[in-house]
Amino acid sequence: MFGLEMPPLTAETWAILGTLVLLEGLLSADNALVLAVMVRHLAVNVQRKALAYGIGGAVVLRILGVLLASFVLEYWWLRAFGALYLAYLAVSHFIKKGHSEEEAEGSARGRGFWPTVVLLNLTDLAFSVDSILAGVALIPAGMPREQGLTIVVIGGIVGLILMRFAATIFLKLLNKYPAFDNVAYALVGWIAVKLGIETLEAAHEVFPAVPTLHLPTPLFWGVMAAIAIIGSFIATRRPAMSEAEAGARAEAIVHQIDETVADAADGRVDGR
């Protein structure tokens with residue numbers, strides 16, 4: 001059921017993996033940033049404990065998401081829900097008001113320890129679903145399920161690695177240029193279009209009355225490249241803070257996560 005098979009290393013496969021690295025890096029850094037912000041209102045002696053549960057939840061949910069991706073690849077109607085969800089994420093990102101950090105802190109403020117832990121894991125769930133569905137959507141329509149699942153698994157592993165080892169780089173990038181969030185979600189929106197069109201094609205095979213469209217592969221990747229290049233150019237024109245300040249904030253969050261992991265390994269997640 002969860003058989004894996006290495007796909008051929010074509011230009012498209014490398015493009016898919018490169019896109020996953022970019023999206024996983026930005027989304028994982030965003031996830032780490034939100035988790036750190038959401039525990040600020042708790043007493044200092046339990047902040048690490050709550051964050052430890054949040055980080056643990058992120059790992060577990062990412063693994064479960066990779067396993068469930070097998071079902072999404074197999075059933076077209078699940079891909080339909082995935083396309084709608086990714087489209088919702090992209091649209092809601094651009095129409096919502098306020099900064100994500102402010103929203104995260106506001107949603108957690110006033111909550112006790114366990115309600116905060118539950119909220120942390122719901123946030124982890126949203127980020128896990130985002131990245132896993134994006135990986136599923138990038139799989140070419142004709143690729144065997146086993147090869148597609150291998151790419152999703154690689155993406156999930158990359159996300160876990162980036163959340164720890166490359167978190168400083170992507171956090172620094174998001175701190176200095178917050179508009180890179182817009183680039184990530186614009187890519188997610190276009191990926192949702194691809195998944196939606198492919199879902200219509202699959203549904204048409206079962207129900208001929210369903211209208212069908214076709215998105216040429218060069219067009220899809222051409223728009224992806226345009227979003228990445230133009231979006232990056234716009235994002236880097238307005239830095240929100242200096243290089244030093246962005247780096248210091250990123251290192252502070254990573255240090256907080258590192259201390260939490262070390263405490264958990266020593267059985268001291270309460271920070272004592």
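The values are calculated or read from the model by the stated rules, or taken from the named source; none is laboratory data. Since the model is a prediction, treat every value here as computed from it, not as a measurement. Note that we place each Cβ from the backbone using ideal geometry, even for glycine, and neighbour counts take in every protein chain shown. Please note that ligands, DNA and RNA were not included when accessible areas were found on the heavy atoms of the full protein model with its side chains. Shrake-Rupley method; radii C 1.70, N 1.55, O 1.52, S 1.80 Å.
Does Phe2 satisfy the criteria of being under 22 Å from Leu125 (Cα atoms), open to solvent by 60 Å² or more (accessible area, probe 1.4 Å) and modelled with pLDDT under 75? Here the answer is yes, as Phe2 does meet what is asked. Among the residues of region 39-61, the ones that are of a type outside the set (Phe, Trp, Tyr), open to solvent by 80 Å² or more (accessible area, probe 1.4 Å) and within 20 Å of the chain's Cα centre (by Cα) come to 1 in all. The listed residues are Ala32, Ala36, Ala11, and the only one of them that is of a type in the set (Gly, Ala, Ser), at negative phi, more than 16 Å from the chain's Cα centre (by Cα) and modelled with pLDDT under 80 turns out to be Ala36.
Whether any residue in region 198-214 is in contact with a Gly (Cβ under 9 Å, 6 or more places away or on another chain), at pLDDT 85 or above and more than 14 Å from Thr19 (Cβ to Cβ) is what I want to check. Yes, some residue in region 198-214 is in contact with a Gly (Cβ under 9 Å, 6 or more places away or on another chain), at pLDDT 85 or above and more than 14 Å from Thr19 (Cβ to Cβ).
Residues that are small (Gly, Ala, Ser) and in a helix (DSSP H, G or I) within region 1-39 comprise Ala11, Ala15, Gly18, Gly25, Ser28, Ala29, Ala32, Ala36, listed in sequence order. Selection of region 62-84 for residues being open to solvent by less than 40 Å² (accessible area, probe 1.4 Å) and under 16 Å from Asp124 (Cβ atoms) yields Arg62, Gly65, Val66.
Taking each residue of region 218-243 that is open to solvent by 40 Å² or more (accessible area, probe 1.4 Å) and looking for partners that are in a helix (DSSP H, G or I) and of a type in the set (Lys, Arg) with beta-carbon atoms closer than 7 Å, six or more apart or interchain, yields Pro239/Lys176; Ala240/Lys176; Glu243/Lys176. Residues in region 170-193 that are of a type in the set (Phe, Trp, Tyr) and farther than 17 Å from Tyr85 by Cα: Phe170, Tyr177, Phe180.
Do we have Leu73 as among the hydrophobic types (A, V, I, L, M, F, W, C), at pLDDT 75 or above and within 16 Å of Ser128 (Cβ to Cβ) here?
Values: among the hydrophobic types (A, V, I, L, M, F, W, C): yes; at pLDDT 75 or above: yes; within 16 Å of Ser128 (Cβ to Cβ): no.
Criteria not met by Leu73.
Of all the residues in region 111-120, those that are in contact with a Leu (Cβ under 9 Å, 6 or more places away or on another chain) and surrounded by 18 or more Cβ atoms within 10 Å (Cβ to Cβ) number 2.
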